[in-house]
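The values are calculated or read from the model by the stated rules, or taken from the named source; none is laboratory data. This structure is a prediction, so every number in the text was calculated from the model and none was measured. Methodologically, a virtual Cβ is constructed for each residue, glycine included, from the backbone with ideal geometry; neighbour enumeration extends over all protein chains shown. Just so you know, the surface numbers come from the protein's heavy atoms only, side chains and all, with ligands and any DNA or RNA stripped out. Shrake-Rupley method; radii C 1.70, N 1.55, O 1.52, S 1.80 Å.
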Amino acid sequence: MTIDLRSDTVTKPTAAMRRAMAEADVGDDVYGEDPTVNRLEQRAAEVTGKEAALFVPTGTMGNTIGIKVHTKHGQEVICEARAHVLNYELAMMAWFSGCLARPIPADGGILSWPQIKSEIRLLGPHWAPTGLIEIENTHNMGGGTVYPLDTIREICDGAHEMGLKVHMDGARVFNAAQALGARVQEIVAPVDTVTFCLSKALGAPVGSMLAGTREDLARARLYRKRLGGGMRQAGVLAAAGLIALEDHPRLLARDHANARFLAEALAKIPGIKIDPSKVETNILIFDVSGAGLTTTEFSTRLKSQGVLINGINGREMRIVTHYDVDRAGCVQALEAIEQVAAGAVAGAKA
Ligand code: TLP
């Protein structure tokens, strides 16, 4: 059996999800008449402590709409240099919102208010003004890193004092909650809007949520329609989403333990570099360049052993743990990684 650690997006819906999907009560969601979607939106609002929430097909659409709601064309959006909104969303902030990203590199992807403050611009003869601050929690390419609660509060207080809004890409905010031992509501309380994904660590086949004020979400609903996200009998999807939201946050501790287990074992493999103390959630990024292989070569060799792991650049690879790979699967993946690394070291010496 293939062990797929490329992402937590690869999980298959559970039997309970499939049953709930088959039995879902549905209606036309564009008319607001799908009871299952309405229930999911209400629960997402409760869980995030926001006035309203919107079911969207993807995290990309949630972020795209979140940015659009807060900005005007010709503004800048401050984000971290490795942010998903900047690097993996097909320039949607430019394409749809007419905004330019103002990226700031930060250790582990975690921005601080002083870093952000020094990049805020007012409208000037040469400058586009800052329209929005975007933070990613957990930070994907930072290695699943978690924003401390105080840092989020400080960023939001500072931004709000300057009349700026904050959008959180909380695709994996439930992982952040698990790592902090906090409720999602506490984490997102200071931000104006948050996107979170049902289809990542929580394991739903499709779907993300955007949450915020009633007023912002009423506008968000129209943007969703413009983007082609009016999904009609979407209750069949929302039914799986409800299970993800209610039942799956408690599975995340196991994913985090597996990630730590993998990180500690990887650190002992010659040719591989990782600092296990930096692995906080379900994402680990490790350097394979010491094995004398590019990440593409490493991936190809792993694939021949039945293990799927992708590179994120020429030197580093990313593992994301999830509920479809248990501890035994992790051990098997480690054996394959060890073999590939050892083979490469031997090959390079010969
Ligand atoms: N991330 C995917 C890839 O796009 C990289 C992954 O495998 O991790 N925000 C964050 C932080 C994300 O990690 C992702 C997906 C998204 C937004 C977008 O979600 P989707 O794929 O639903 O549009």
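Please work out the Cα center distance from the range 151-191 to the range 24-38, rounded to the nearest Å.
30 Å
Nearest-5 percent of antiparallel DSSP beta bridges in the chain?
50 percent
Under 19 Å from a point 7 Å along the Cα-to-Cβ line of His73: which residues of the range 130-149 have their amide N that close?
Answer for the range 130-149: 130-132.
Whenever you get a sec, line up Arg153, Arg39 from highest to lowest accessible area (probe 1.4 Å, protein heavy atoms).
Numbers: Arg153 115, Arg39 135 Å².
In descending accessible area the options line up as Arg39, Arg153.
Quick check for me: using +1 on Lys/Arg Cβ and -1 on Asp/Glu Cβ, what's the dipole size of the chain about its Cα centre, in debye to the nearest 20?
It comes to approximately 580 debye.
From the helices alone, meaning DSSP H stretches of at least four residues, give me the mean residue ellipticity at 222 nm for the chain, per-run term -39500 (n - 2.57), in deg cm²/dmol to the nearest 500.
Rounded to the nearest 500, the figure is -12500 deg cm²/dmol.
Given the C-alpha centroids of the range 195-218 and the range 88-129, what is the distance between them in whole angstrom?
23 Å
Picking from Val206, Ala238, Leu164, whose Cα lies most toward the positive end of the charge dipole for the chain (charges on Cβ: Lys, Arg +1; Asp, Glu -1)?
The residue sitting farthest along the positive end of the dipole is Val206.
Would you mind getting the accessible area per residue of the chain, heavy atoms of the protein chains only, 1.4 Å probe, in Å²?
On a per-residue basis, 43 Å².
Using a 1.4 Å probe over the heavy atoms of the protein chains, calculate the carbon and sulfur portion of the accessible area of the range 35-139 as a whole percent.
Numbers: 2550 of 4370 Å².
Summing carbon and sulfur atoms, their accessible area is 58 percent of the total for the range 35-139.
Probe radius 1.4 Å, ligands and nucleic acids ignored: give me the carbon and sulfur share of the accessible area of the range 200-350 as a rounded percent.
Result for the range 200-350: 52 percent of the exposed heavy-atom area is carbon or sulfur.
Quick one: order His73, His160, His322 from most to least accessible surface, probe 1.4 Å.
Putting His73, His160, His322 in descending order of accessible area: His73, His160, His322.
Which of the pairs Lys68/Lys278; Lys200/Lys268; Lys12/Lys50; Lys12/Lys278; Lys165/Lys200 have their Cα atoms more than 31 Å apart in this structure? Before the final figure, lay out each step's value.
Details: Lys68/Lys278 33 Å; Lys200/Lys268 29 Å; Lys12/Lys50 29 Å; Lys12/Lys278 28 Å; Lys165/Lys200 26 Å.
From Lys68/Lys278; Lys200/Lys268; Lys12/Lys50; Lys12/Lys278; Lys165/Lys200, over 31 Å: Lys68/Lys278.
Using the Cα centre of the range 195-289 as the reference point, and only Cβ charges (+1 on K/R, -1 on D/E), how large is the resulting charge dipole? Debye, rounded to the nearest 20.
In debye, rounded to 20, the range 195-289 gives about 460.
When DSSP assigns beta bridges and you keep just the ones with both residues in the range 129-206, what percent turn out antiparallel, to the nearest 5?
Within the range 129-206, antiparallel bridges account for around 10 percent of the total.
Which of Val188, Val331, Val77 ends up with the largest GNM mean-square fluctuation for the chain, with Cα atoms connected below 10 Å?
Ranking Val188, Val331, Val77 by mean-square fluctuation puts Val331 first.
Which whole DSSP H helices in the chain pass both tests: a Cα extent of 24 Å or more along the axis and a mean Kyte-Doolittle value no lower than 0.5?
Flagged H segments are 327-349.
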